[in-house]
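Enquirer: Questions regarding the structure given below will be posed in turn.
The values are calculated or read from the model by the stated rules, or taken from the named source; none is laboratory data. None of the values given here were measured: they were computed from a predicted structure. Cβ: placed from backbone, ideal geometry, glycine included. Neighbour counts: every protein chain shown.
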Amino acid sequence: MIGLLGQKESMEFMRLGVVYVHLLACCVAIGLVFASDVAMVKDLLKGRVSSGHDNDHMASLQKSVSNALLFLWITGAAIIGIDYLDKGMTYFANPKLQAKVIIVLLLTFNGMLLHRYVLPAMLKAGSLLDLHVNVRMFALFSGALSGVSWLYAAMLGVGRPLAWKYSLTELLMAYPVLIVLGFAMMLALTQWARSRSAAAPAEETWLFAGIPAR
């Protein structure tokens with residue numbers, strides 16, 4: 001009996017350590033994604049185009065987020081394994097767990113697409129605004145999916161009261177809505193930035209000719 005209690009206590013401490021690393025990886029990834037998104041929005045508002053330094057930063061950011069996602073997979077699988085040993089197969093029927101797995105799978109697949117298609121196109125074009133319209137739409141949607149997914153997964157991770165209380169459909173109901181809203185906001189912002197950048201050369205021409213712009 002004492003041996004079983006000691007073993008259970010050891011498993012709890014092990015789970016605590018794994019959850020701590022899992023939380024750190026999630027915080028790092030969310031912080032990097034959020035900082036990058038804020039910087040991109042600021043650049044769009046200022047009409048600034050990306051430089052070579054920005055491209056290097058983007059490649060480094062992608063690598064850091066990929067590493068954080070890998071740590072999330074490893075630690076998440078460890079947490080699931082520990083909880084399975086404690087609770088059995090009924091643990092997998094938890095809708096909150098199912099929702100988290102679905103979102104992380106989407107994050108992983110989306111990250112692969114970003115790394116394979118969007119990042120090379122961005123490095124080649126030098127600016128989000130200079131991408132071909134189809135590629136730009138895909139980049140905006142993937143970015144919205146990534147940002148919303150990280151925050152939504154974090155919300156599910158800390159939302160212990162959500163476990164077994166809501167169905168999978170109810171837990172994911174707001175997820176696609178937030179993605180669409182994020183995509184629409186970024187689409188409107190990029191369209192405004194493109195219009196502003198297109199008007200800038202004409203204004204510079206008038207000034208160069210010695211005629212006031214206003």
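Enquirer: Test Leu178 against the criterion of being under 30 Å from Tyr117 (Cα atoms), modelled with pLDDT of 90 or more and within 13 Å of the chain's Cα centre (by Cα), and give yes or no.
Expert: yes
Enquirer: For region 25-64, name all the residues that are modelled with pLDDT of 75 or more and in contact with a Gly (Cβ under 7 Å, 6 or more places away or on another chain).
Expert: Of everything in region 25-64, those that are modelled with pLDDT of 75 or more and in contact with a Gly (Cβ under 7 Å, 6 or more places away or on another chain) turn out to be Cys26, Val33, Asp37.
Enquirer: List every residue pair whose Cβ atoms sit under 6 Å apart, with the two residues 6 or more apart in sequence or on different chains, where the first one lies in region 134-145 and is in contact (Cβ under 8 Å) with a residue 12 or more places away in the chain and the second, anywhere, is assigned to a helix (DSSP H, G or I) and of a type in the set (Phe, Trp, Tyr).
Expert: Leu140/Phe183; Phe141/Phe183; Ala144/Phe183
Enquirer: If I filter region 101-142 down to residues being more than 18 Å from Gln191 (Cβ to Cβ) and among the aromatic types (Phe, Trp, Tyr), which single residue comes out as surrounded by the most Cβ atoms within 10 Å (Cβ to Cβ)?
Expert: Per the stated criteria, the residue is Tyr117.
Enquirer: Give me the residue from region 22-46 that is more than 15 Å from the chain's Cα centre (by Cα) and buried (at least 16 other Cβ atoms within 10 Å of the Cβ) and, out of that set, farthest from Arg194 (Cα to Cα).
Expert: Only one residue tops the list, namely His22.
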